[in-house]
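So the structure is just underneath, and the comments pick up after that.
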Amino acid sequence: QVQLVESGGGLVQAGGSLRLSCAASGIIFRLNTMAWYRQAPGKQRELVASITSGGRTNHADSVKGRFTISRDNAKTTVYLQMNSLLPEDTAVYYCNSRDWNARDYWGKGTLVTVSS
């Protein structure tokens, strides 16, 4: 059974930092592309950052220079380091895993609230 469990969300003031973690099980973690998405109230879910099995990363323009995605294959965990947070970063953040068959798995999400 595939499980993606996010943690690390919470309430932070603008300019602050948080680190999200996503612990994965039930997948061949090292082979999958991992990603973070977010969904703000009233908006569509959007890609924040992704990292391939080879370690190539991609970050949305809105978070470049502020957020960094990384992975630890030994711990089967993907991280999202979020610095210089803005109120518009407020959203539920979801962990995603995509396997070699383009099959997607999702976590339940963790809420990040940035106060101004």
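The values are calculated or read from the model by the stated rules, or taken from the named source; none is laboratory data. Since the model is a prediction, treat every value here as computed from it, not as a measurement. Every residue, glycine among them, receives a Cβ derived from its backbone with ideal geometry; neighbour counts consider all protein chains shown. SASA here: full protein model, heavy atoms, side chains in, ligands and nucleic acids out. Shrake-Rupley method; radii C 1.70, N 1.55, O 1.52, S 1.80 Å.
Summary of computed values
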item: Qualifying residue in region 2-12 (condition: closer than 12 Å to Y93 by Cβ and open to solvent by 40 Å² or more (accessible area, probe 1.4 Å)); result: yes
item: Residue list for region 6-22, filter: over 11 Å from the mean Cα position of the chain (by Cα) and among the aliphatic types (A, V, I, L, M); result: L11, V12, A14, L18
item: Matching residues, region 91-116, being open to solvent by 40 Å² or more (accessible area, probe 1.4 Å), assigned to a loop (DSSP other than H, G, I, E, B) and over 16 Å from N32 (Cα atoms); result: K108, S116
item: Within region 32-54, tally of residues that are on the phi < 0 side of the Ramachandran plot and exposed (fewer than 12 other Cβ atoms within 10 Å of the Cβ); result: 4
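Residue-by-condition table, conditions (1) within 13 Å of the chain's Cα centre (by Cα); (2) assigned to a loop (DSSP other than H, G, I, E, B); (3) not polar (S, T, N, Q):
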position: Q1; (1), (2), (3): no, yes, no
position: I27; (1), (2), (3): no, yes, yes
position: P41; (1), (2), (3): no, yes, yes
position: A49; (1), (2), (3): yes, no, yes
position: G55; (1), (2), (3): no, yes, yes
position: K64; (1), (2), (3): no, yes, yes
position: I69; (1), (2), (3): yes, no, yes
